[in-house]
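The values are calculated or read from the model by the stated rules, or taken from the named source; none is laboratory data. None of the values given here were measured: they were computed from a predicted structure. Heads up, the Cβs are rebuilt from the backbone with ideal geometry, glycines too, and the neighbour counts pull from every protein chain shown. The area values use the complete protein model at the heavy-atom level, side chains included, leaving out ligands, DNA and RNA. Shrake-Rupley method; radii C 1.70, N 1.55, O 1.52, S 1.80 Å.
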Amino acid sequence: MILPIYILGQPVLRQQAQDIPADYPDLKQLIADMFETMYRSNGVGLAAPQIGKPIRVVVITLDCLAEDFPEYKGFNAAYINPHIVEVDDTETEVLEEGCLSLPGIHEPVRRPKRIRVQWLDEDLQSHDEWVDGYLARVMQHEFDHLEGKVFTDRISPLRRQLIKRKLQALLHGQVSCDYKVKLPR
Ligand code: NI
């Protein structure tokens with residue numbers, strides 16, 4: 001089932017998301033719905049707060065990047081209770097980001113290139129891995145959602161000033177995109 005995507009201004013996007021228990025009801029269905037919602041809106045990642053749930057569940061698809069990054073062919077993954085436990089900040093990189101909860105806004109964001117992440121996969125197997133490349137970028141963006149952060153929190157004050165009007169428009173529910181959304185009240 002395709003779910004509406006919550007737009008910035010919805011309080012859930014500013015909440016700290018909680019770990020879920022292994023017996024969380026209908027987890028498989030929730031993950032399937034999140035994948036379907038992400039594909040429909042052409043996103044590369046979706047975090048549960050973006051569909052209104054303050055829980056630590058994220059889906060990522062990088063298959064659409066396989067032309068440039070062959071290693072991501074067929075890459076679709078769910079992350080349950082993910083946590084960044086270590087950051088290698090010796091190398092950072094600036095890349096443009098966007099977000100399904102902030103349609104129409106794209107800004108360069110500086111982030112570390114390597115992170116160590118612990119999570120459970122869809123079969124509840126635990127992982128503890130260093131991640132780099134584009135996946136590390138998308139993970140950091142998505143896991144920020146679980147901390148109540150969005151990417152525009154990480155841009156320079158000057159850039160934020162420049163997009164102030166766009167952000168205000170979003171917060172007032174002026175949104176144009178081709179997927180189902182839940183506007184801020
Ligand atoms: Ni996002």
- Query: Of all the accessible heavy-atom surface of the chain, with the other protein chains kept in place and a 1.4 Å probe, what percent is carbon and sulfur?
  - Reply: 49
- For GLN18, which sequence-distant residues (separation of 5 or more, or a different chain) have an amide H within less than 5 Å of its own amide H, given hydrogens modelled in the peptide plane? ILE55, ARG56
- Message: Whole percent per 10 Å bin, from 0 to the bin with the longest distance: what is P(r) over all C-alpha pairs of the range 1-83?
- Response: 18, 47, 29, 6
- Any residue on another chain or 5+ positions along whose placed amide H is under 5 Å from the amide H of VAL87 is listed here as ARG116
- Query: Largest first, how would ARG185, ARG110, ARG137 line up by accessible area (1.4 Å probe)?
  - Reply: ARG185, ARG110, ARG137
- Item | Relative contact order (%) - criterion: Cα under 8 Å, at least six apart; region: the chain | 28
- Can you put HIS172, HIS106 in order of accessible area, largest first, using a 1.4 Å probe? HIS172, HIS106
- Message: As I understand it, the dipole of the range 102-165 uses +1 on the Cβ of Lys and Arg and -1 on the Cβ of Asp and Glu, about the Cα centre. Which of GLN125, VAL109, GLY148 lies farthest toward its positive end?
- Response: VAL109
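Can you pull a Stokes-Einstein diffusion coefficient for the chain at 25 °C (0.890 mPa s), Rh from Kirkwood over Cα pairs, as a whole number of µm²/s?
The diffusion coefficient I find is 146 µm²/s.
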- Nearest 20 debye, what's the magnitude of the dipole of the range 5-182 about its Cα centre given +1 on Lys and Arg Cβ and -1 on Asp and Glu Cβ? 1140
- Message: I'd like the accessible area for ASP26: 1.4 Å probe, protein heavy atoms, all chains in place, Å² to the nearest 10.
- Response: 120
- Note on the structure: Heavy-atom accessible area per residue of the range 27-83, all protein chains kept, 1.4 Å probe, expressed in Å², is 41
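Roughly speaking, what is the stretch gain from CYS64 to TRP130, that is 0.36 nm per residue apart minus the C-alpha to C-alpha distance, in nm to one decimal? Show your work: numbers first, answer last.
On the way: separation 66, 0.36 × 66 = 23.76 nm, distance 2.26 nm.
The CYS64-TRP130 span can extend by a further 21.5 nm.
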- Task: First check a/c for the range 88-127, with a ≥ b ≥ c the square roots of the eigenvalues of its C-alpha gyration tensor; if it is under 1.5, answer rounded, and if not, answer prolate when a/b is larger than b/c or oblate otherwise.
- Result: oblate
